Every structure is written in C-alpha cells, then in structure tokens.
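One structure is given below, encoded as structure tokens.
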Amino acid sequence: MIIVMNVYRLFTNWLHEQFFLKKLNTPLGFAFLSAIGVLMAFVISSLGIKYGAVVFVGMVSFPMFLYCLFNLPFGLSLIVFVSFMLNFVKKFIDVPIGIAQDALVFIMFFTIIINQVKERDWAFAKHPISFWIVIWIFYNLIQVINPSAASQIAWIYTVRSVAGLILLYFVACYAFSSLEIILKTIKFILGMSFLSALYGLKQEWVGFSDGEMAWLYSNPHTLELFFQWGRLRIFSFFSDPTTYGILMAYVSVFCSILCLGPYRISLKIVSGICVISCILAMAYAGSRTPIVLIPVGVIFYTVLNFRKEIIIAAGGFFILGTGFVMKSTSNAVVYRIQSAFILTNSKDVVDVRMKNQEKIQPYVQRHPFGGGLGSTGLWGRRFSPGTFLAEFDHDSGFVRLAVEVGWIGLFLYMIFIYQCMRWGIYYYFRVRDPVIKNLYLAINTVFFMLVIASYPQEAILQVPTSIIFYLLLAAIVKMKDFDENFKKPISSNVQQFEEKEKLQTAEVS
C-alpha cells in the first residue's frame, strides 16, 4: 500500500511539473497538444461540431481536473460550478457530467488520504458531526445487502447522491485552512446563485431558448408541470422550478442577513441587488414551498437574533405580508404567491400528500431498514418497474428516506440533522468575531429552511443544494477556529488551566 501511495505521489508531482511549472513547454507537451488537435479535427469532420465541442470541453477540463488535485479550494469551486450547470448542459447533450463530478469528489478525497500518509493529522475530521456522517455513510453502504431491495443496481445509482457526495464535507474541512478560503467559496456560491437568478429573469422577460423549448416539448408530462396559470414557470439552469425556487429562497435570506452584517457598503449594495433578483426569480418560478420558506427563515432569524429592532422589523414584515396575501389580484404570479398561504387553495395538494403518507405507513412500520436505496422515484421506475414502491409518489425528502432506508435510517438521519443545527447554533453564540458570527447566523437560518423544506420536497438531496449543504456544513465546523476570541466550553478552559499548572510545576522542579 505504501509503495502504491509513493508511486501516486511521484506521478502527481510529475504531472504538476509538466502542466503547471513547465506549462507543457516541452516535447511531451507539444506531442500532447498536437494529438488533441488532430483528434478534435477528426471528430468534427466525422461526427459534427457538437461532438467536437465535447472534445474541446474535455481538452479544457483535463488540466483543470489535474489542478484540482493540487488546489482543493479550486476543486470545490469547480464542483459548485458543475453542480449549477449540470442539468443545463443535459438539456442539450447527453454527457455523463454527474459521474465526472462524483469522480472528482472521490479523487480529491483520495488525495487527502495520500497526504495523510505524510502529515498524519486528522484534526480537520475530528468533530461530532464527522462521527455521524461516517455512521450515515456506513448505513447507506450496507443497504446494498438489504433483503427487501428489488434492485442492487438502483443502489449504485442512488448511493452516489445520498452518501457519496458527503465525502465532499471531509474535502472541504481539509481545504478550509483559512477564513479567506471559506469566504471565497461562499462568495462563489452566491455569485453562481445570482447568475442563476439573472438567467431565470432572462427566461421570464426575454423568453426561453429554442433548445429549452425543444426540451420542454419533448416530454408532455414536463410541459404540463411547467405550464400553469397560462404561463411557463422559469427554471433557469436547473431541472425543475421547485429546485430553482428553493435555491432562490434561501439565497435571498442568506444575502438579506449579509446586508445586516458588518460589511462595507458596496458589499451590502451587491447583496441587496442579489436579494431582489432572487425574490423575483423565486416568484416567477411559481413553486409554493420556496415562498413559504421566506417567513420561516425570518422567524428563525428573529428567534436566534432576539433583539428589539429585529422583532419590530419582523413584525412589520408579517403585517405587510398579511396585507399582500389578503389583497385581491388577477395577476397569475401574485395569485400563486398568495395561494401558498391560503389553505383552501392548497387543500387538495395537502390531502393527496397526507393520503400517500397514510398509505405508506404500514410498509415503513414492517420494514425497519426500508425497501432499499433507489426503490422509489426515477430509479425505482427504471430498475424495478411495476413494484409497489416504484409507483409510490413520495413528494418528500423525509418520506423518501423512511421508505428507502427505513425508520431506522430516518432516525439516524434526523440525529445527523440535529447535530448540524446544534453545533451551528452553539458556535454562533460563542464566537466573537462579527463577520464569523454573521456567517453562522446566515448558515444556521439556511439550514433550518432546508430542514423545513425537506418535508414537502426533496430539498437537501437535489443538486446544487446537496453540494452547497455540505460545503456550508464544513464551514460551520471550521469557522470557529479562525476566531481568536472564540469562547470555549468551561470544561475545556479548566483542562487548559490544569495543563498549564502542571507545566509550571514541571519547570520549577
């Protein structure tokens, strides 16, 4: 094993020298670039410009892929970028970008393992949250032998998103070696979200592209879902309006909290523009769940930051919101927003979901380990068609977990979510740096919104929110390390005092 690791280190060092130090200005580099040029010319002449573009993207992606192994923060940004553009590219060409993204996560994690052979410092992964993540990964891995599972192939496809991407948490914990890196990563996430909002507004005000319209009309069910109240709901780069709307909801709240933070005026102005853009995009997306998340985020922020002026501002927000909901309108967008808070308008949807949950309860009670990963939804219909679970419409992240990994798996997952919220709130009250404290407040609010959204929707499991969730979780674990005045627990202070006394006694002796 040590020999393999040494060979790997030598190979990566050689690649680093060839690509980044010598910049391919060598005979090997000339031969490599010439081969790519010939290959690209052959592909374009034989298969067309579309596949030639694939070769060009691969040519550009390969050195970027290698660079990620030597610069993990850049790799995290690349993964965020791919997660935002994944479904956008798949609308036009069928390429396995998702598999490439998962492979990059695994290779970056393997790079950390290799580095630890020399460094032998696992402090970045020593945290109660890390402990529960390992338990959750292990539980999902042993689901491959679940006797109730109708298909093991579905497990392979599903475990990537449920457990595989969690490795990104460890990569981020290792890469977040300074507060500056964390801030740059968060800024990149917000920048991509702002770009998504602008593209969604372009779809609303300018129109959809020909490729997007062709994708919509290729599936009558998709068109029926997107066309409501006489208008097409926008979805930006993503697969559906709900995923897009949830992203816009929690990003708007996140940026709103930044506007109230200790930042320069220019950053607050940019954050304010992002808030307005995201709110508009969320409204045009036309999904009820994201609309409800806004007041949920305001309530949690008010409780966590319990100050007189915040309570007054929140009260004004709810008074204005109540007036907006009660106002009569003929506008389809405004009516959609109002319908999220009027129970009579959404009673049918709620009744259907409650009946589905009531129907599946006996199955969940009889199967403590569930019916296997990928037994419901898209993978269920693909790999185990005609089964009871494949035809079950779960409509919820928590219900899906209860069905696929059982009530034991749901219990473990809820403990994991509890640990995330507990430590985030704990660090918020103990850090003293105003910037770090503001970021803890924003991230905790986003996490609470996503937990609430996971009941009616699969909020946390959908790309790019799944990527963002684990990056922000790593930020929760690491940010307190960069606060010089972080208030540690009393037990830790006592232990440090005792160690200091022992050291002084030893010096006197």
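Compute the Cα gyration tensor for segment 212-350, then decide on rounded, prolate or oblate, letting a ≥ b ≥ c be the square roots of its eigenvalues: rounded whenever a/c is under 1.5, prolate when a/b is larger than b/c in the other cases, and oblate in all that remain. Oblate shape, in that a/c is at least 1.5 and b/c is the bigger or equal ratio. Distance from the Cα centroid of segment 166-201 to that of segment 445-465 is 17 Å (rounded to whole angstrom). Couplings for segment 82-94, taken from phi via the Karplus curve 6.51 cos²θ - 1.76 cosθ + 1.60 with θ = phi - 60°, read 5, 5, 6, 9, 4, 6, 5, 5, 5, 6, 10, 8, 8 Hz in order; Gly and Pro are left as x.
Electrostatic bookkeeping for residue 260 treats Lys and Arg as +1 and Asp and Glu as -1; over the other residues with beta carbon under 14 Å from its beta carbon, the sum is +3.
Remark: spin-label model distance residue 38-residue 335 equals 6.5 nm, labels positioned 7 Å along the Cα→Cβ axis. Our helix-only sum for the chain, with -39,500 (n - 2.57) per DSSP H run of n ≥ 4 divided by its residues, gives a mean residue ellipticity at 222 nm of -24500 deg cm²/dmol.
Say a site is exposed when it is one of the GluC sites (Glu not before Pro), sits in a DSSP loop, and has at most 16 other Cβ atoms within 10 Å; what is then the longest site-free stretch of the chain?
Answer from the scan: 1-390.
Each of 197, 147, 419 was scored by the projection of its Cα onto the charge dipole of the chain, and the greatest displacement toward the positive side belongs to 197; charges sit on the C-beta of Lys, Arg, Asp and Glu. Of (i) 24.9, 86; (ii) 23.1, 76; (iii) 25.7, 95, which is the value of Rg and Dmax of the Cα atoms in Å derived from the coordinates here? Among (i) 24.9, 86; (ii) 23.1, 76; (iii) 25.7, 95, the one derived from this structure is (i). Approximating the spin labels as points 7 Å out from Cα along Cα→Cβ, the residue 408-to-residue 215 distance works out to 4.0 nm.
Read the figures in this text as sums done on the coordinates, not as results from a lab. Keep in mind the model is a prediction, meaning the values are calculated, not measured. Reconstructed Cβ throughout: ideal geometry from the backbone, glycine too, with neighbour counts over all protein chains shown.
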